[in-house]
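Below is one structure, written out as structure tokens; the observations come after it.
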Amino acid sequence: MNQGAQPAPGSPLPALYEALSRVSRAICVYRDPKELFRVLADELRHAVRFDFLALFLYDEAEHKVRNLLLETVNGPGFAIPEGFPPEETITWWVLQHEAPVVIRSRDEEARFPRVMELYQNYGVQSACTLPLFTAHRRLGSLSFGLQQPNGYSEEQVRYLSLIADQVALAVDNALRNQEQQHSEEELRKQKAHFERLFELAPEAIVLRDIENRVLRANREFTELFGFSLEESLGRNINDLIVPAGMWDESERLREALRRGERVNAEIVRRRKDGTVLNVSLVAAPVTVDGGAPEIYGIYRDITERKRAEEALRRSEAYLAEGQRISHTGSWARSVSTGEVFLSHESFRIFGFDPLRTKPTLDLILNRIHPEDRDSVEQTVLRAIHDRSDFERDYRIIREDGTIRHIHVLGHPMTNSGGELVEFVGTHMDITEQHQARIALERAFEEIKALKDQLYQENVALRQEIDETSMFEQIVGKSAVLRDVLKQVGTVAPTESTVLIYGETGTGKELIARAIHNLSPRRHNAFVKLNCASIPTGLLESELFGHEKGAFTGAIAQRVGRFELANRGTIFLDEIGEVPLELQPKLLRVLQEREFERLGSSRTLRTEARLIAATNCDLAKMVEKQTFRADLFYRLNVIPIRVPALRERPEDVPLLVQHFTELFSRRVNKAIQTIPAETMSAMVQYDWPGNVRELQNVIERAVILSAGGVLKVPSTDLKIDAGAPAKIRENGGAPRRERSDAPPPDRDQVVQALKATGGRVGGADGAAARLGMKRTTLIAQMKRLGIHPRTVVIEPS
């Protein structure tokens, strides 16, 4: 130990205070803690003895006592090992009690057993430890140690306390200086970082004063709008990028910013070359250090997004109001800790409160619809295991019970060592798109159904055009015809069922069409079906339709005539030919407006108005029990009888003239004269085939006539040219003599069925070839034991 450098314990008081003065001057001169501590040690050697002088600091943030500085005279000094409990140190004790601790003898001290073990290791016998604290904070301790016992007296402790107060101020100043330098360095780094971000930001950023003058702009701003930095600085932002006519809008935004409001808007702005673009603007006023407020504005080009939205609206024209722009939220999840980060938009999508909710994977999974939860969890676990991207849709249920459809994307992030660190991705609320897609699918289904219905109506109308007579209009002026037309005018506006009686060829269908055309249903379909022309087994399908596979040959769904005639009119000709087993279903349609397709149990409704026609006496058929009475009474609401042509002979000349002109135009032949004898013969003829027969006779005569004169062969009128006409007893036109022919035998029936391919009814059926009614032929076939399917069709 260097005894010459250290005064005796009884050093004069002036020498002690002179040393204290030198310590004070050193504190004022030195700011670096290490240099200051070295000078202090040199000065204190003249005032007090010590083998080591140590400065210990207490780190409150980490709860540790650190060996900050150490000066030794002899020996290895003294150090507190890493991990030593602070509560067992002398520094902790002096800070808690704000009083010094004097160790007279290491062997006699019992308060700090572990520290005494350290003293023994370092050869320390006695010590004095003084607290270092200021009015602002607790710093640590200043410790003096000697290798001899009883090293420090009470007087020296009081002197060392004065030294400790000076050292505390010096250490506090040094630490504050270090903290200030560190803060300034951090501030400089942050400013440089901000400047870098400002220039490299992918959005156009501009800083302007409250009067809209540009103060700063980044490179993206100059590239987006085409103005250089020199052209932009000091200019009014309106002069630069606001199109003519939009200054008022810009001023409204500026006024909102002057009021301290944040602006988030989608607006139109212009470039230097005059072109306009759509941008999103996010702007807010900021005030730095109490200065004048300035406005930060961020512009993002959304022109392409606007175009895409416009294209979407055009492609989905059925959405009159358009689509709401969907928002996307971002998320991240640490694989190691499970910590989840959600952006504000993701909080909104899931319905979480960002201020009160700490997001976790379990919290998000609990929000997912129970039917989707397991599969989503498996997708996440599989992506973690495979370190792969994932993408899927699922549903969530918010607290208010609403269900939203979410599209999620996930991407794995690895560190430089290739270890999976976290997943990042996006949430997108696609509820509107999902609903739009479902609506679109339903619309397509409805369009397909309407298309099928239109196709079936078109087929029915084409069949009707092919089958209908050539009547263009009802021609005649007779009193009986005028009475019928008067009935038509009265009945047409009602919804009542009409039953039209009349012989074949009298124009019952024209009367039905007239009723439809004069009714409120005239803008809807007029659907016709001749019940005699359809085989019995297919009539039900024609009336009510069938499903695919309902019977052999039903290869597709077919819409029935009652369904086609919904809100329109259905005309059933030859209603007396409807089989008895089908009549109850027809009665149900008339009474309840309900039916089912063949092969289906689904009940359909129809609002079709029924007009029926027959050349039979239905009342007699009811008596013979070949026609249901209840159906007859339901049909016979408003009966209209169409007179035969022989009952209105005064209409024959008009009809002859009408058909002559019609067919002359059709075959491009000029018929200028109708001989009087020809007209007289046609007036006198009884026309058993009625108007249809007259039409056919005139068409044939027009084709065969030459020289502009209409010539009707006498054979067409069934009259001998040299024989006088028979005059009826009532003075009317002569009637054709009719004779009852015997029923056809088996060979005749079989030959007729072979010639017609097994078809019984219809204009080309076997009944027509044999000159019989369809029902009569069917009865004859039953008597003869003939079935159409058993007849072998010989190849032609």
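The values are calculated or read from the model by the stated rules, or taken from the named source; none is laboratory data. Small disclaimer: the values here were computed from a predicted structure and weren't measured. In this analysis, Cβ positions are derived from the backbone assuming ideal geometry, glycine residues included, and neighbour counts consider all displayed protein chains. Note: areas computed on protein heavy atoms with side chains; ligands, DNA, RNA excluded. Shrake-Rupley method; radii C 1.70, N 1.55, O 1.52, S 1.80 Å.
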**Message:** Just the residues that are among the small types (Gly, Ala, Ser) and within 16 Å of Val424 (Cβ to Cβ), please, taken from region 337-352.
**Reply:** Gly338, Ser343, Ser346
**Asked** What are the residues in region 202-249 that are farther than 19 Å from Pro285 by Cα, touching a residue at least 24 places away in the same chain (Cβ under 8 Å) and assigned to a loop (DSSP other than H, G, I, E, B), if any?
**Response** Gly226, Phe227, Val242, Pro243
**Message:** Of the residues Phe526, Phe551, only one is in contact with a Gly (Cβ under 7 Å, 6 or more places away or on another chain) and either on the phi > 0 side of the Ramachandran plot or among the aromatic types (Phe, Trp, Tyr) (or both); which?
**Reply:** Phe526
**Prompt:** In region 340-354, is there at least one residue being in contact (Cβ under 8 Å) with a residue 40 or more places away in the chain and open to solvent by 80 Å² or more (accessible area, probe 1.4 Å)?
**Reply:** no
**Asked** In the list Arg49, Arg31, Arg25, Arg45, which residue meets the criterion of being closer than 22 Å to Ala170 by Cα, charged (D, E, K, R), at pLDDT below 90 and touching a strand residue (DSSP E or B) at 6+ places or on another chain (Cβ under 7 Å)?
**Response** Arg49
**Request:** Those residues that are in a loop (DSSP other than H, G, I, E, B) and within 24 Å of Asp32 (Cα to Cα), I need them from region 50-75; list them, please.
**Result:** Phe50, Asp51, Glu60, Ala61, Glu62, Val73
**Fill in**
Within region 532-555, residues open to solvent by less than 50 Å² (accessible area, probe 1.4 Å) and without any contact (Cβ under 8 Å) to a residue 40 or more places away in the chain come out as Glu542
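Just to be sure, is Lys669 under 28 Å from Leu499 (Cα atoms) and surrounded by fewer than 17 Cβ atoms within 10 Å (Cβ to Cβ)?
Values: under 28 Å from Leu499 (Cα atoms): no; surrounded by fewer than 17 Cβ atoms within 10 Å (Cβ to Cβ): yes.
Spelling it out, it is not the case that Lys669 is under 28 Å from Leu499 (Cα atoms) and surrounded by fewer than 17 Cβ atoms within 10 Å (Cβ to Cβ).
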**Complete:** Of the candidates Glu377, Glu441, the one satisfying the condition of being assigned to a helix (DSSP H, G or I) and closer than 28 Å to Arg313 by Cβ is Glu441
**Request:** Please specify each residue of region 774-796 satisfying the condition of being modelled with pLDDT of 75 or more and either over 19 Å from Thr614 (Cα atoms) or more than 60 Å from the chain's Cα centre (by Cα) (or both).
**Result:** Thr776, Leu777, Ile778, Ala779, Gln780, Met781, Lys782, Arg783, Leu784, Gly785, Ile786, His787
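Have a look at Ala644, Ala629, Ala612 and point out the one that is out of contact with any Lys or Arg (no Cβ under 8 Å at 6 or more places or on another chain) and free of Cβ contacts under 8 Å to residues at least 60 places away in the same chain.
After applying the criteria, what remains is Ala629.
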**Prompt:** Does region 334-347 contain at least one residue that is part of a strand (DSSP E or B), at pLDDT 85 or above and within 21 Å of the chain's Cα centre (by Cα)?
**Reply:** no
**Item:** From Arg735, Arg728, residue being within 30 Å of Glu650 (Cβ to Cβ), in contact with an Asp or Glu (Cβ under 6 Å, 6 or more places away or on another chain) and either at pLDDT 65 or above or not polar (S, T, N, Q) (or both)
**Value:** Arg735
**Prompt:** Is it fair to say Leu20 is touching a Leu at 6+ places or on another chain (Cβ under 9 Å), open to solvent by 10 Å² or more (accessible area, probe 1.4 Å) and either outside any helix (DSSP H, G or I) or at pLDDT below 75 (or both)?
**Reply:** yes
**Prompt:** Does region 103-114 hold any residues that are touching a residue at least 24 places away in the same chain (Cβ under 8 Å) and touching a helix residue (DSSP H, G or I) at 6+ places or on another chain (Cβ under 6 Å), and which are they?
**Reply:** Arg106, Phe112, Arg114
**Message:** Taking the criterion of being farther than 18 Å from Val171 by Cα, surrounded by fewer than 17 Cβ atoms within 10 Å (Cβ to Cβ) and within 60 Å of the chain's Cα centre (by Cα), would at least one residue in region 62-80 satisfy it?
**Reply:** yes
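Can you list the helices (runs of 4 or more DSSP H) lying wholly within region 478-552 that have 2 or more residues being over 21 Å from Glu577 (Cβ atoms) and modelled with pLDDT of 90 or more?
In region 478-552, 479-491, 508-517 are the helices (runs of 4 or more DSSP H) which contain 2 or more residues that are over 21 Å from Glu577 (Cβ atoms) and modelled with pLDDT of 90 or more.
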**Request:** Would you check if there is a residue in region 202-215 being within 38 Å of the chain's Cα centre (by Cα) and over 12 Å from Gly297 (Cβ atoms)?
**Result:** yes
**Message:** Of all residues being open to solvent by 10 Å² or more (accessible area, probe 1.4 Å) and outside any helix (DSSP H, G or I) in region 686-707, which is nearest to Gly507 (Cα to Cα)? Just the residue, please.
**Reply:** Gly689
**Item:** Considering residues of region 294-320 that are open to solvent by 60 Å² or more (accessible area, probe 1.4 Å) and part of a loop (DSSP other than H, G, I, E, B) only, the residue modelled with the highest pLDDT
**Value:** Ala317
**Asked** Here is a list of conditions, (1) free of Cβ contacts under 8 Å to residues at least 24 places away in the same chain; (2) open to solvent by 80 Å² or more (accessible area, probe 1.4 Å); (3) assigned to a helix (DSSP H, G or I), and Asn264 meets all of them except one; can you say which number that is?
**Response** (3)
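Kindly evaluate Ser330 against the criterion of being of a type in the set (Gly, Ala, Ser), at pLDDT 85 or above and open to solvent by less than 90 Å² (accessible area, probe 1.4 Å).
Yes, satisfied.
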**Message:** Pairs needed: first member in region 404-430, without any contact (Cβ under 8 Å) to a residue 60 or more places away in the chain and within 14 Å of Val335 (Cα to Cα); second member anywhere, in a loop (DSSP other than H, G, I, E, B) and hydroxyl-bearing (Ser, Thr, Tyr); C-beta distance under 7 Å; at least 6 residues apart or different chains.
**Reply:** Pro412/Ser388
**Prompt:** Restricting region 505-528 to residues that are among the small types (Gly, Ala, Ser) and buried (at least 22 other Cβ atoms within 10 Å of the Cβ), which is farthest from Ala613 (Cα to Cα)?
**Reply:** Gly507
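Per-residue answers, yes or no, for (1) closer than 23 Å to Ala47 by Cα; (2) at pLDDT 90 or above; (3) open to solvent by 20 Å² or more (accessible area, probe 1.4 Å):
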residue	(1), (2), (3)
Ala110	no, yes, yes
Pro113	no, yes, yes
Tyr122	no, no, yes
Leu130	yes, yes, no
Ser143	yes, yes, no
Gln148	yes, yes, yes
Glu155	yes, no, yes
Ala164	yes, no, no
Leu169	yes, no, yes
**Prompt:** Going through region 93-111 one residue at a time, which ones are part of a helix (DSSP H, G or I) and closer than 19 Å to Val65 by Cβ?
**Reply:** Trp93, Val94, Leu95, Gln96, His97
**Message:** For the list (1) over 41 Å from the mean Cα position of the chain (by Cα); (2) under 20 Å from Leu529 (Cβ atoms), I need the number of the one condition that Arg597 fails.
**Reply:** (1)
**Prompt:** Filter region 355-375 for residues that are surrounded by fewer than 13 Cβ atoms within 10 Å (Cβ to Cβ) and within 23 Å of the chain's Cα centre (by Cα); which is farthest from Ile396 (Cα to Cα)?
**Reply:** Ser375
